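Undergrad: Got a structure for you, written out below as C-alpha cells; questions coming shortly.
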Amino acid sequence: MNGTGAGTGATTEQMPEQTPEHAPQAAADAPAVFSVRNLWKVFGPKADRVPGSDLAALSAEELREQAGCTVAVRDVSFDVRQGEVFVVMGLSGSGKSTLVRCLTRLIEPTSGTIAIDGEDVCGMDKGALRDLRRHRAAMVFQHFGLLPHRSVLDNVAYGLEIQGVAKAERRAKAAEMVEKVGLAGMEDRRPGQLSGGQQQRVGLARALAADPEVLLFDEPFSALDPLIRRDMQEEVVRLHRDEGRTMVFITHDLSEALRLGDRIALMRDGRVVQCGTPEEIVGSPADDYVRDFVRDVPREQVLTVRRAMRPAAAGESEEGESLAPTTTVAEAIETVARTGTAARVVDGGRCVGVVDHRSLLGVVAGLDSSRKAAA
Amino acid sequence: MTVHTAPPQMKTAPPGRDATAPHPAALFLRALWARPAARKLLVLAAAAAVLVPVAAAAHGSGTWPSALTVDLSKPLTGASDWIIDNRDSHWAFLYFFGHISGAIIAAVHAVYTVLLALGWAGVTAAAALIAWRVAGVRVAVTATASFAACGLLGMWVPTMRTLALMIVAVAVSVAVGALLGLAAGLSDRTFRALRPVLDTMQALPAFAYLLPVVLVFGIGVAPAVLATVVYAAPPMARLTALGLRSTDQGVLEAVESLGATGRQRLLTARLPLARRELLLGVNQTIMMALSMAVIASVIGADGLGDRVYQALSTVDVGSALAAGIPIVLLAIVLDRTTAAAGASGPPSSSARRPWVGWALAAVVTASFTLGGRMLGSQTWPDGWTVAIAAPVNTAKDWMVDHLYTGLPGIGGTADLAAHYTGWILDPLRDGLQALPWWGALLLVAALAWLIGTWRTALTAVLSLAAIGVLGRWELSMDTLSQVLAAVAVTLVLGFTIAVPAARSPRVERLLRPVLDVFQTMPQFVYLIPVVALFGIGRAPAAAAAVVYALPAVVRIASEGLRRVNPGAMESARSLGATGGQQLRQVQFPLARPQLLLAVNQAVVLVLSVVIIGGLVGGGALGYEVVFGLAQGDLATGLTAGVAIACLGLMLDRVTQPTKGARDGA
C-alpha cells in the first residue's frame, strides 16, 4: 500500500510556488476531483488586502506585527485525483485543518479558487453549497462531532435526515453503514456509551451514509489510543480498497501519512513545502525541514527497489529472482538475503535494473540520496 | 475628609527607604502608583479634591440638598389620576391593555375552573402521576402528601387559586423568556443588548416590579400575573441564551458540514443540546413565579399569599402558618419535579413508548376525578381539615410569655431584637444619614471601582444620586443601614458555616438537604416565623433577610472553597502548611471570585427581603410601597419603588466583581 498509488514515477514538486500543471503527470490520467489554486486564508482585520499585495511576502511573525493578521493557508495549489488518498500533513498550526475546511467552505477562503469536478466552489450560492456538503463531500472530525442525544443509528442517519430522506429508508441505509464499520448490535447506544474508536466509527458511518464522492478526514484518529488508531487506519485502507472512494486525509502523524497516502502534501506555516508520493517525500526531501521531518522513517519500508537498482550488467538481466518495481527495499532485502544473489527488477516483462546487497544497503544507509544529489 | 479611604492603602505601600532617591515623597507616590488599587483611589481623591469643595459650598454637607431634588409626586399623581379616569374610555386601555388584562383574567379563570372540575382527588392524582412520570416514585409520594396537607390545613381553595395563577404566569414567562433567549442565543447583537438588562432585572427586589404594573392595570389578578411574568421570565431568557450559546462547536461544525440549513441546525442540534439549560430555566422560572405570585397578593392576587398577608397584618401567626405551609410544600414539589426533569438524561429511545405512560396517567387521573365526584365533594371535604391556627397561636402566646424576655443569660428574643435595633441598626442608620451626601457618593464610587471597573462605579454613583434626586435619601439610608447590618450578619454566619462545609464532606452532606429546602422557599414565608419570634419591627425583617440569604451564601462560598485547584492545595500541604495557612494563603485567595459572588448574592437577597420587611414593620422604602398601595397613593409608592430599584442597582454594582478587576484591589 505504500507508494503504490497513482504517483509512481512522478517528479517531486520542489517549489511550493510551482502550480500542479508542471507537477506529477504520470497519474494525470485520473481526473482531478478537487482542484485548488493559489488558495489563501488570512484571519484578522482586512484580511482581503493581504494576498497579492506586498504584505504577502512577509513572514507570519512580521505580518502579525504589521497588519494584525494571521495567515493560516498561504498560496496553496494542488489537485486531488479521483480514487486517490491525498494526505495533507503538518504540525499543529501549519494550516492543514483550515485548508480542509476551506474545501467545502466551512471556513470561507480569503482568495484563490477551488473547483470540484471543474465546478467553482467559491462561486456557489447557499443552496449549491448545501448540496455539495450533503451529497458530494462528507467530513470526519477529530472530535467526532456526534449528537449526544441521539442513538448511534440516528446519528448515522442524521445526514440523510438533513437531506429529507424518509425515515424508513434512512434507517435502513444507516443500519447498513453501521454494519459496514463493524458496530452491528450497538445501534441503540448513545455516543457517550461508546469508546473513542467506536465513536469515530460512527462518525465514519455518518459520512459514508450520504455516499459522498469525496471523504474528508480532519485528523480523525489523533484523539485515539495507538492500538485503536492502527485499527482505524486499517479500516480506512480496507474501505478505500473496497470502494475506491477519493479521500482527503489530514494528519500530523508521519507514519499515518505514509501508511495511508497515495500522495502527501507536507505543510509548514501555511505553505505546501513538498507534495509527492511517500517515496518521493522520504527519498528526496525538498528541503532541510522535510529532511528533518522524515529523518526517523525506516527508509527500507517506504522506498522501492526502483530507487535502489543499478543498471544490469551483462548477463545479469537473465538470471536471479524477479521483483516488481513497486517492491519495497525491505522486501527485496529479504529476497536477496535468502537467495544470496542479486535480484532483477522486472517491469512489464522487461528487466529495468538489478538490486544487490550493496545497492540495497546503500538505500538503508541513506547513501542513495547523496549519490542522486551528486549526479 | 475626601481621602479618608486612602490611608489603609498607604500603610501597605512600601515606604521610600532609598536614600539616593530625589525625594522620599515622590518615591512614595511612585510606589503607590504602581498599585492599581491605590492608583484608582488617587484618581478619585484628585477628582474629589476639585469637586467636593464646589459641591459643599453650593449645597452644604448635610443630607441630599433639596435644591437637587425633583418632586415627582405631582406629575405622578396626575398620571395616576388620568389613568384611573381614562381606564374605561381611552383607546390604549380599550384596545390594548384591556385585552391583555381580559385575556389573563380569562386564562386564570379557565385554569381555575379546570382545577375545580378535577376536584381534590383529580388534582392530587394528576400531581402525583406527573411527578411519578417525570421524577420518580419518591417525588410522587411527596406530591401526594403535600396536596393532602394543603387540604388538611383547610387551604384547598387558596392553593388552587395560587396554582391557577402560577400555571398561567409560568406558561407566559416560559414562552416570553424562551423567545427572548432564542433571539439572544442566535444573535450576538441581541445578546449584548439583552444581557445587562437581564442582569439588572435579576438584582432588583420583587417589590420594585409591583407599582409600575399597578399604575397601568390597577389592582387585581391581571397585574399580579404580569408582575410575576416580568419577574420570572429573565431566568428563562438567560438560561435559554446560555444553553444555545454554549453548544459544542465541534458538533455544530459537523452538522454544518452535512449541509444542514439554519432551521435544521437549530431544531436538531442546538435546542436538543441545550435541553439541560432549558429545563433548568423552566425550574428557575417556576420558583421565581411562585415567589412573586405570593408577594403579588399585595396587589390583589388571590390565594395563599393573600391569606399570609391578611394574617400577618393582624399578627395572627397561626393563620399565617396554615397558609405558609402549603406555599412551602408547593415550592418543594414544583422544584423537585422540574429539577428531576432537568437532571435526568434525554429520554432513551430504547425505553418503551413514553405516551403509554402518559396515557395511563391521564386515565388514572380521570378515574380519580370521577371517584372524587361520586364522593360528592369538588373541593376538599370540610370535615377532613385540621385547624392549626388556634393551637399555633396558643403556642405563640406561650412563647411571648416565656421566651421574649427574662430568660437567664440570653435575655429572650425580644431583648435580642431590641439590642440589635438599638445597638446596631440605630447607630448605623444615624451614621449613614449624618454622612454628607457627597461623602456617600464618594464612598460608593471608591468601593465599586476597587471591586469592579469604572463602569460599575459610574452606574453605582448615578443610582445613588438618582435616589437623592427622587427625594428618598433619608429613607434609603434607613433601608441601607438595615441591609448592611443584615449582610454583615449573613456573611459572618455564612463563611463560618461554609469553611467547615468545604473541608469536611460529612458536614457538606448534612447541610445539603437543609440548603435545598431553604433555597426553594419563597421570600414571603420567612416573615411568618420571625414575626412569631421577634414580634414586629426592623429586627424581624433583618432576621428573615439573614435566613433567606444564608443558604445561597453558604452554598456559593463552600463550593468556591472546595473547587480550589487540588494541585495548589496539594503543593501547599506538601510544603507543610497548617490547615489555617492553607485556608488563608491558598483557599481564600484562589476562591476570591466565588467569595465576592457570595457577597454580591447576599446583598441582593438581603435587600429583597428587607424591602418586604415593610410588611412587618421594617419601615423605610418597603413600607412606602405598602403604604402607597394600601392608600391608593401611587405617586409615593412608585417613587419608593424606583428608589428601591436604584438602591438594588447600586448595591449590585458596588459588589460586582468583574474579570478585568482581578489585578485591582
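The values are calculated or read from the model by the stated rules, or taken from the named source; none is laboratory data. The shown structure was predicted, so the numbers you read here are calculated from the model rather than taken from an experiment. Counting neighbours? That spans all protein chains shown, and the Cβs are built from the backbone with ideal geometry, glycine included.
Undergrad: Filter segment A:52-101 down to residues that are surrounded by fewer than 16 Cβ atoms within 10 Å (Cβ to Cβ) and in contact with a Gly (Cβ under 6 Å, 6 or more places away or on another chain), then give me how many there are.
TA: Residues that pass the stated criteria total 1.
Undergrad: Any residue at all in segment B:381-392 that's out of contact with any His (no Cβ under 9 Å at 6 or more places or on another chain) and at pLDDT 75 or above?
TA: For segment B:381-392, residues out of contact with any His (no Cβ under 9 Å at 6 or more places or on another chain) and at pLDDT 75 or above: present.
Undergrad: Mind checking whether some residue in segment A:66-75 is more than 17 Å from the chain's Cα centre (by Cα), part of a helix (DSSP H, G or I), among the hydrophobic types (A, V, I, L, M, F, W, C) and closer than 28 Å to A:Gly127 by Cα?
TA: no
Undergrad: Can you name every residue in segment A:142-194 that is more than 21 Å from B:Gly262 (Cα to Cα) and within 11 Å of chain B (Cβ to nearest Cβ)?
TA: The answer is A:Gln142, A:His143, A:Ser151, A:Val152, A:Leu153, A:Glu187, A:Asp188, A:Arg189, A:Arg190, A:Pro191, A:Gly192, A:Gln193.
Undergrad: Let me ask something additional. Name the residues in segment B:497-524 that are closer than 16 Å to B:Asp335 by Cα and not basic (Lys, Arg), would you?
TA: The answer is B:Pro513, B:Val514, B:Leu515, B:Asp516, B:Val517, B:Phe518, B:Gln519, B:Thr520, B:Met521, B:Pro522, B:Gln523.
Undergrad: So B:Pro272 ticks every box in (1) touching a residue at least 60 places away in the same chain (Cβ under 8 Å); (2) more than 10 Å from chain A (Cβ to nearest Cβ) but one. Which box is left unticked?
TA: Going through (1) touching a residue at least 60 places away in the same chain (Cβ under 8 Å); (2) more than 10 Å from chain A (Cβ to nearest Cβ) one by one, B:Pro272 breaks only (2).
Undergrad: In the list B:Leu182, B:Leu215, B:Leu211, which residue meets the criterion of being assigned to a helix (DSSP H, G or I), within 22 Å of B:Leu290 (Cα to Cα) and either without any contact (Cβ under 8 Å) to a residue 40 or more places away in the chain or out of contact with any Pro (no Cβ under 8 Å at 6 or more places or on another chain) (or both)?
TA: Being assigned to a helix (DSSP H, G or I), within 22 Å of B:Leu290 (Cα to Cα) and either without any contact (Cβ under 8 Å) to a residue 40 or more places away in the chain or out of contact with any Pro (no Cβ under 8 Å at 6 or more places or on another chain) (or both) holds for just one of B:Leu182, B:Leu215, B:Leu211, which is B:Leu211.
Undergrad: Please determine whether any residue of segment B:12-30 is among the β-branched types (Val, Ile, Thr) and at pLDDT below 75.
TA: Yes: segment B:12-30 contains one or more residues that are among the β-branched types (Val, Ile, Thr) and at pLDDT below 75.
Undergrad: Another one. Scan the helices (runs of 4 or more DSSP H) fully inside segment A:115-182 and keep the ones with 3 or more residues being crowded, with 20+ Cβ neighbours inside 10 Å and without any contact (Cβ under 8 Å) to a residue 40 or more places away in the chain.
TA: Ranges flagged: A:167-180.
Undergrad: Just to be sure before I move on: is B:Pro326 over 19 Å from the mean Cα position of the chain (by Cα), within 11 Å of another protein chain (Cβ to nearest Cβ) and touching a residue at least 40 places away in the same chain (Cβ under 8 Å) in the structure I sent?
TA: no
Undergrad: Would you confirm whether any residue within segment A:197-209 is buried (at least 20 other Cβ atoms within 10 Å of the Cβ), of a type outside the set (Lys, Arg) and either under 27 Å from A:Leu39 (Cα atoms) or within 16 Å of the chain's Cα centre (by Cα) (or both)?
TA: yes
Undergrad: Same structure, new question: If you check A:Gly112 against the conditions, is it of a type in the set (Gly, Ala, Ser), part of a strand (DSSP E or B) and more than 14 Å from chain B (Cβ to nearest Cβ)?
TA: Considered against the rule, which asks whether it is of a type in the set (Gly, Ala, Ser), part of a strand (DSSP E or B) and more than 14 Å from chain B (Cβ to nearest Cβ), A:Gly112 comes out as yes.
Undergrad: B:Thr142 is checked against (1) farther than 24 Å from B:Val229 by Cβ; (2) under 29 Å from the mean Cα position of the chain (by Cα); (3) surrounded by 21 or more Cβ atoms within 10 Å (Cβ to Cβ) and fails just one. What number does that condition carry?
TA: (3)
Undergrad: For segment B:222-260, name all the residues that are more than 8 Å from chain A (Cβ to nearest Cβ), crowded, with 24+ Cβ neighbours inside 10 Å and in contact with a Lys or Arg (Cβ under 9 Å, 6 or more places away or on another chain).
TA: The one that is more than 8 Å from chain A (Cβ to nearest Cβ), crowded, with 24+ Cβ neighbours inside 10 Å and in contact with a Lys or Arg (Cβ under 9 Å, 6 or more places away or on another chain): B:Ala241.
Undergrad: Here is a follow-up. Select from segment B:586-631 the residues that are over 11 Å from B:Ala541 (Cα atoms) and among the hydroxyl-bearing types (Ser, Thr, Tyr) and list them in ascending order.
TA: Listed by number, the list holds a single entry, B:Tyr623.
Undergrad: Restricting attention to segment A:76-109, report how many residues are part of a helix (DSSP H, G or I) and not polar (S, T, N, Q).
TA: Residues in segment A:76-109 being part of a helix (DSSP H, G or I) and not polar (S, T, N, Q): 6 in total.
Undergrad: To continue, here is another question. Can you name the residue in segment B:205-221 that is closer than 26 Å to B:Leu651 by Cβ and out of contact with any Leu (no Cβ under 6 Å at 6 or more places or on another chain) and, of all such residues, is farthest from the other protein chains (Cβ to nearest Cβ)?
TA: B:Val214
Undergrad: So A:Thr341 passes all but one of these: (1) among the polar types (S, T, N, Q); (2) free of Cβ contacts under 8 Å to residues at least 40 places away in the same chain; (3) surrounded by 18 or more Cβ atoms within 10 Å (Cβ to Cβ). Which condition number does it fail?
TA: (3)
Undergrad: Taking B:Val52 as meeting all but one of (1) out of contact with any helix residue (DSSP H, G or I) (no Cβ under 6 Å at 6 or more places or on another chain); (2) at pLDDT 70 or above, write down the number of the exception.
TA: Condition (1) is where B:Val52 drops out.
So that you can scan it fast, the table gives a plain yes or no per residue for (1) at pLDDT 80 or above; (2) under 20 Å from B:Trp358 (Cβ atoms); (3) surrounded by fewer than 22 Cβ atoms within 10 Å (Cβ to Cβ):
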{"position": "B:Val137", "(1), (2), (3)": "yes, yes, yes"}
{"position": "B:Ala148", "(1), (2), (3)": "yes, no, yes"}
{"position": "B:Thr159", "(1), (2), (3)": "yes, no, no"}
{"position": "B:Thr162", "(1), (2), (3)": "yes, no, no"}
{"position": "B:Ile167", "(1), (2), (3)": "yes, yes, yes"}
{"position": "B:Ala171", "(1), (2), (3)": "yes, yes, yes"}
{"position": "B:Arg192", "(1), (2), (3)": "yes, no, yes"}
{"position": "B:Arg195", "(1), (2), (3)": "yes, no, yes"}
{"position": "B:Thr200", "(1), (2), (3)": "no, no, yes"}
